[in-house]
Amino acid sequence: MVPELRKEEVLRCIKEKEVSYMKDLAVEVGISLSTVRRDVAQLEQEGSVIVMRGGAVKYKAEDFDQPVVKKRLIHSEEKEIIAKKAAALVEDGDSIYVDSGTTTVSMFKYLQGKRITIVSSSTEMRDYLPIKNAQCIMLGGEVRADLESVLGAQTEKMISDMYFDKAFIGANGYIPDGGIYTYDDREARKKAIVKEHSKKTYALMDTSKKNKYAFSKVFDLSEVELITEED
C-alpha cells in the first residue's frame, strides 16, 4: 500500500472510535505493528491524533468553535433538510426545547401555526418572533455572543424547573457507536440537563460532523435519536 494512502486509512480507523489501540489498528489496516507505530507517530507530529499511554490513540479534534455567522454559511442546504425533518415531529400540544445552533434554529420557521410551547436558549429566537400560535419562552443566563447562545448556572436552573415532550439539540460532532461532543463544557451541561428533562431527545447534525470530536462529551449517541440530512 502507498505510504500516504496507508496513513490515511490508519487515520480513518482512528476517527471511527473514541479510543483506538495500535495492535487493533494493525489488524484493521492489515499492516505490521511497527508500521502502525511509525504512521501514528507521523500523524501525531502533524497534529491529527493524540497518543496516550498503553498504546492508545485518539483523533484530535479542533479545539475551538466557529462563530455562528461563519457556521450559518456552511452546509446550509443540509441544515434546512434536517430542520424540516425535526419540525415535522412536533405536534399540537407539545412543549419543546430548541437548542442554540444554526441547524436547530432553522426549525423556527417550520413551526409556524403549531399550537405548542417553545423554550429556547438561542438568542436568535427573537429574529423569528412572533411564531404563529406558539407560546415562546427565551431562557436567561450568560450570553455567549459568538454562538448566539445563553448558558451557565442561571440557564441550567431554569431548565431544571421545566419538562419537555421533545428536545432538539445541536452539537459539534458525533461518533457512531460513541458520543456526542461540543466545545464548551457549559453547553455540554446545559444539553445534558435538557435530555434529563425531556421525554424524547433528538440530536440534529449534518454528516460533516460524523467522526468528529470536541472538548466536552455531552452523552452517548445511543441515548438520543440522531437526525441527519440522509434518509
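We did not get these values from a lab; they are worked out from the coordinates using the rules stated. It should be emphasised that the depicted structure is a prediction, and the values quoted were computed from it without experimental measurement.
Values for this structure:
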| read-out | value |
| --- | --- |
| Quotient of C-alpha Rg and 2.2 N^0.38 Å, computed over the chain | 1.13 |
| The stretch 68-227 - percent relative contact order, Cα under 8 Å, separation 6 or more | 22 |
| Entries in Lys7/Lys199; Lys85/Lys157; Lys85/Lys190; Lys23/Lys210 that, when Cα-Cα distance is taken, lie over 32 Å | Lys7/Lys199 |
| Full-stretch length increase - Tyr110, Val143 - with 0.36 nm per residue and alpha-carbon distance subtracted | 9.3 nm |
| Compactness of the stretch 147-231 as Cα Rg over 2.2 N^0.38 Å, two decimals | 1.04 |
| Scattering profile of the stretch 3-59 at q = 0.14, 0.20, 0.29 Å⁻¹ [log10 I(q)/I(0), Debye over alpha-carbon scatterers] | -0.27, -0.58, -1.39 |
| DSSP beta bridge pairing in the chain, given as percent antiparallel to the nearest 5 | 45 |
| Cα centroid separation, the stretch 143-157 to the stretch 162-196 (Å) | 14 |
